[in-house]
Amino acid sequence: MRNQVGGLMALVVLIVPLTGIAAPPLHENNPSLQDVQVLTAEQLVDAVLARNAGLQGLTAAADAANYRIEPAGALDDPMLTYAGAPKTAGGPRGFQERVELSQSLPWPGKLGLREDVARARAEGEEQSLADGRLTLKATTKSLFAEWAYIHRTLQIKHAHRDLLTELRSVAETQYASGRGRQQDVLQAEVELARIDADIVTHQRRRREVQAVINGLLNRSPQSPLPPPASPPTPTEPPSLAALQEIALEEHPELRRIQARIAEANARHGLAEKDYFPDFKLSAGYNTLWEDADKQWMVGVSINLPFDFSGKRSATQNAAKAEVTRHQWQLTDREAQLLARLEQGRAQVQETREIVAIHRQRLVPLAEESLNAAVADYRAGQGSFLSVIDAERQQLRTQDNLARAHADYLRALAALEQTAGQPLANSRSHATQMNRALTGTAGQPPEQE
């Protein structure tokens, strides 16, 4: 029985501490989204930043690095030494003992440099956190773009399915009256089956995107998400010069490398200080001495920083090489960042212009073409195949518009990530929540 109880107690002792560090359970209800009726990109980003487990880990790493700054610049703990002579116990002078208190003191400036190393490392962790937030924002906005596209394309396909259903009724009426062909009815059935297959595929894609978004929110994959709000109207991005100025001054990736340079410089300073000795002050009482004047002692000791083996010079050279490595890394990252800014801005401009062409020209033309084909068919001057071709073209054009708008939102998110912060004009996007996708399915002809 004693062994069983002991084993149970050991199990409790093992499990209880683990409950404090176990991974938190998934929350089914996100307080920041539970009252949201229509989801915007900004609301989704805020929710992800508040709940994402990976970002919480980076936050904890930054906190831990900041907590290490003060201890890095603190003195070592004082040492208390006690020793006794066992064989003197019971002797004429009583038990003989020695007590000593000592304190290590590094060469002036070393503590400050150690603190500088810890501070620079903490700054690097802070910038890693900021970079992680940037990446997470871009990922979330990209997923929101896909979430919006999936909903929009499903709306388009359902509208066209209703259109095809009514077109089939018209074809049946025309066939029954002897003015149409059975092939027209069959063609309508084929198009209905094709669009049903597309709807099934997009519904599967909607579940996939929902699962990925819920993963970022630290929720179960099946948790419901609100439908997306209408995306903002695309606007002109800032100038390349403004983007470059923002990125070179504020981008967390560059500031993290700058922190690494500061840390390497502080380590190089420590390596230089390592040529100077450290001190240890001590004071003690020793009853082994019979003369009372000799029992109290104070002293100082230093190390002798000879460099016969070359270890100090090697450490100094290594620290200097680390400074050079990070400086070249900074130069390389700056060049790559400028190149990505040019590329990202060009992509934003391209997708913005494609959206404008579709909205202003292609979608209206496709709708006019469909209406004309329907009118000709009703008048007996056109074929039903022409109506189907026009319907396909309008469906494709509307879907291309929805895809182009999603591509614009993704390109804008990537540009913001490269610039290092939300763009000035991206804030106006949130206030322009009018519907950018204006194309609707053509109206079906009235049955005769």
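The values are calculated or read from the model by the stated rules, or taken from the named source; none is laboratory data. It should be emphasised that the depicted structure is a prediction, and the values quoted were computed from it without experimental measurement. Cβ placement follows ideal geometry from the backbone for every residue including glycine, while neighbour counts extend to all protein chains displayed.
If you go through the range 211-233 one residue at a time, do you hit one that is over 21 Å from the mean Cα position of the chain (by Cα), not in a loop (DSSP other than H, G, I, E, B) and not acidic (Asp, Glu)? Checked against the condition, which is being over 21 Å from the mean Cα position of the chain (by Cα), not in a loop (DSSP other than H, G, I, E, B) and not acidic (Asp, Glu), the range 211-233 yields no hits at all. Every condition in (1) free of Cβ contacts under 8 Å to residues at least 60 places away in the same chain; (2) part of a helix (DSSP H, G or I) is met by residue 191 except one, and the failing one is (1). Between 410, 392, 378, 403, the distinction of being over 18 Å from residue 231 (Cβ atoms) and out of contact with any Pro (no Cβ under 6 Å at 6 or more places or on another chain) belongs to 392 only. The single condition among (1) in a helix (DSSP H, G or I); (2) surrounded by 15 or more Cβ atoms within 10 Å (Cβ to Cβ); (3) over 37 Å from the mean Cα position of the chain (by Cα) that residue 382 does not meet is (1).
Residues in the range 55-107 that are over 27 Å from residue 275 (Cα atoms), touching a helix residue (DSSP H, G or I) at 6+ places or on another chain (Cβ under 8 Å) and not hydrophobic (A, V, I, L, M, F, W, C): 4 in all.
Condition first: in a helix (DSSP H, G or I) and either under 13 Å from residue 299 (Cα atoms) or not β-branched (Val, Ile, Thr) (or both). Now tell me which residues in the range 99-117 satisfy that.
If we filter the range 99-117 for residues that are in a helix (DSSP H, G or I), which is where we start, we get 110-117.
Residues satisfying the conditions are 110, 111, 112, 113, 114, 115, 116.
Residues in the range 203-235 that are surrounded by fewer than 17 Cβ atoms within 10 Å (Cβ to Cβ) and either farther than 19 Å from residue 145 by Cα or touching a Ser or Thr at 6+ places or on another chain (Cβ under 8 Å) (or both): 220, 222, 235.
Please verify whether the range 104-115 includes one or more residues that are of a type in the set (Ser, Thr, Tyr), in contact (Cβ under 8 Å) with a residue 60 or more places away in the chain and in contact with a Ser or Thr (Cβ under 6 Å, 6 or more places away or on another chain). Looking for residues that are of a type in the set (Ser, Thr, Tyr), in contact (Cβ under 8 Å) with a residue 60 or more places away in the chain and in contact with a Ser or Thr (Cβ under 6 Å, 6 or more places away or on another chain), one finds none in the range 104-115, hence no.
Does residue 136 satisfy the condition of being aliphatic (A, V, I, L, M), more than 30 Å from residue 208 (Cα to Cα) and part of a helix (DSSP H, G or I)? Taking the combined requirement at face value, the residue does not satisfy it.
Quick grid of which residues meet (1) touching a residue at least 24 places away in the same chain (Cβ under 8 Å); (2) in a helix (DSSP H, G or I); (3) surrounded by fewer than 18 Cβ atoms within 10 Å (Cβ to Cβ):
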{"position": "328", "(1), (2), (3)": "no, yes, yes"}
{"position": "336", "(1), (2), (3)": "no, yes, yes"}
{"position": "344", "(1), (2), (3)": "yes, yes, no"}
{"position": "351", "(1), (2), (3)": "yes, yes, no"}
{"position": "355", "(1), (2), (3)": "yes, yes, no"}
{"position": "358", "(1), (2), (3)": "yes, yes, no"}
{"position": "371", "(1), (2), (3)": "yes, yes, yes"}
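Restricting attention to the range 236-256, the residues that are closer than 22 Å to residue 351 by Cβ, surrounded by 16 or more Cβ atoms within 10 Å (Cβ to Cβ) and among the aliphatic types (A, V, I, L, M) add up to 3. Looking only at the range 412-427, residues that are within 18 Å of residue 355 (Cα to Cα), assigned to a helix (DSSP H, G or I) and modelled with pLDDT under 90 come to 1 in all. Only one entry of 140, 153 meets the criterion of being buried (at least 19 other Cβ atoms within 10 Å of the Cβ) and either under 21 Å from the mean Cα position of the chain (by Cα) or among the basic types (Lys, Arg) (or both), and that entry is 140. Among the residues of the range 177-235, what is the count of those that are closer than 30 Å to residue 345 by Cβ and among the small types (Gly, Ala, Ser)? Total meeting the criteria: 2.
Looking only at residues that are in a loop (DSSP other than H, G, I, E, B) and in contact with an Asp or Glu (Cβ under 8 Å, 6 or more places away or on another chain) in the range 289-305, which one is surrounded by the fewest Cβ atoms within 10 Å (Cβ to Cβ)? So the residue we want is 303.
For first residues located in the range 279-307 and under 23 Å from residue 110 (Cβ atoms) and hydroxyl-bearing (Ser, Thr, Tyr), partners that are at pLDDT 90 or above and loosely packed, with under 13 Cβ neighbours inside 10 Å and lie 6+ apart or on another chain with Cβ distances below 6 Å form the pairs 282/299.
For the range 73-97, filtered to residues that are hydroxyl-bearing (Ser, Thr, Tyr) and at pLDDT 80 or above, the residue that is surrounded by the most Cβ atoms within 10 Å (Cβ to Cβ) is 81.
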